[in-house]
Amino acid sequence: MRYIFTLLRVSTLGLYLSILALNLLSALLPSYAMGEQGLPIGAPPAAFGSSIEEWQERSFSGNTRYEMVNKQGVEVLKAHTQGNASILFRELPVDVSKTPLLNWTWMVDRTYGGIEEQSRAGDDFPARLYVVAQTGFLPWETSAINYVWASNAEVGEAWANPFTDQAIMIAVESGDSCVGKWKSHTRNVADDFKQHFGKDIDQLAGYAVMVDGDNAGLEATAWFGRIEFSAEP
């Protein structure tokens, strides 16, 4: 059976909606709980946990450089942008009726000062983690939530992507106070889709990471530790 994984991302020219038809992988991510306070700030994360070959890249404006590196003794994903944007995605069904909690760790080397993140010209983030769900019967009826490390928005602030109302941005981290330190987060994906789209979802179509600076011509590096889903924190 084939699903459509719709990546909601745009360039400075306007709405970029790309639909890719890929075979779904059969296995779910292993359950592993890591709460918001489960990892001390600055502590090394769990390893990224999957081969980069299991992910696919889509370019929007040049290519963010994605590579596996050793950081603090563990293998993590490094992403570096120099005014460009590409997304690294994994089409993998996740049963959020059983494992609704998304757990991850990340770190950035800087944030972007002086940009208006809720505008088209400032829609750049030093780190993003997407989750995508099909929310209608047609293949292109998809919605996405972007959990972002914001530069200026307040933690907890949410807004519609400036190019499409089918993508919601949620600032889970913001500013420079934790730059250079590992941070861990947990979000209830099912609850977030219900709150922001009014949809009850049982399954995700996939998820993705991105570090981008194409709209404002900026540079940043982020590192991602393990990304996984669990039933309990």
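See the values below:
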read-out: Residue in segment 201-217 that is part of a loop (DSSP other than H, G, I, E, B), buried (at least 17 other Cβ atoms within 10 Å of the Cβ), touching a helix residue (DSSP H, G or I) at 6+ places or on another chain (Cβ under 6 Å) and not small (G, A, S) present; value: yes
read-out: Where I201 falls short, out of the listed (1) at pLDDT below 95; (2) closer than 26 Å to T99 by Cα; value: (1)
read-out: Checklist (1) over 28 Å from S143 (Cβ atoms); (2) surrounded by 15 or more Cβ atoms within 10 Å (Cβ to Cβ); (3) modelled with pLDDT of 95 or more; (4) not acidic (D, E) applied to A46, failing item; value: (3)
read-out: Qualifying residue in segment 151-174 (condition: in contact with a Gly (Cβ under 9 Å, 6 or more places away or on another chain), under 16 Å from G113 (Cβ atoms), buried (at least 23 other Cβ atoms within 10 Å of the Cβ) and not aromatic (F, W, Y)); value: yes
read-out: Identity of the residue in segment 63-83, within 17 Å of R128 (Cα to Cα) and not in a strand (DSSP E or B), that ends up nearest to the chain's Cα centre (by Cα); value: T64
read-out: Residue match in segment 178-194 (condition: within 15 Å of N103 (Cα to Cα), buried (at least 23 other Cβ atoms within 10 Å of the Cβ) and within 17 Å of the chain's Cα centre (by Cα)); value: no
read-out: Segment 92-124: number of residues that are in contact (Cβ under 8 Å) with a residue 24 or more places away in the chain and assigned to a loop (DSSP other than H, G, I, E, B); value: 22
read-out: Qualifying positions in segment 200-233 - of a type in the set (D, E, K, R) and closer than 26 Å to E75 by Cα; value: D212, E219, R226, E228, E232
read-out: Failed criterion for A153 (all others in (1) outside any strand (DSSP E or B); (2) among the small types (G, A, S); (3) over 28 Å from R65 (Cβ atoms); (4) at pLDDT 95 or above hold); value: (3)
read-out: Scan of segment 175-200 for residues that are among the aromatic types (F, W, Y) and part of a helix (DSSP H, G or I), ordered by number; value: F193, F197
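The values are calculated or read from the model by the stated rules, or taken from the named source; none is laboratory data. Here the structure is a predicted model, which is why all the values come from computation and not from measurement. Neighbour counts run over all protein chains shown; Cβ positions are idealised from the backbone, glycine included.
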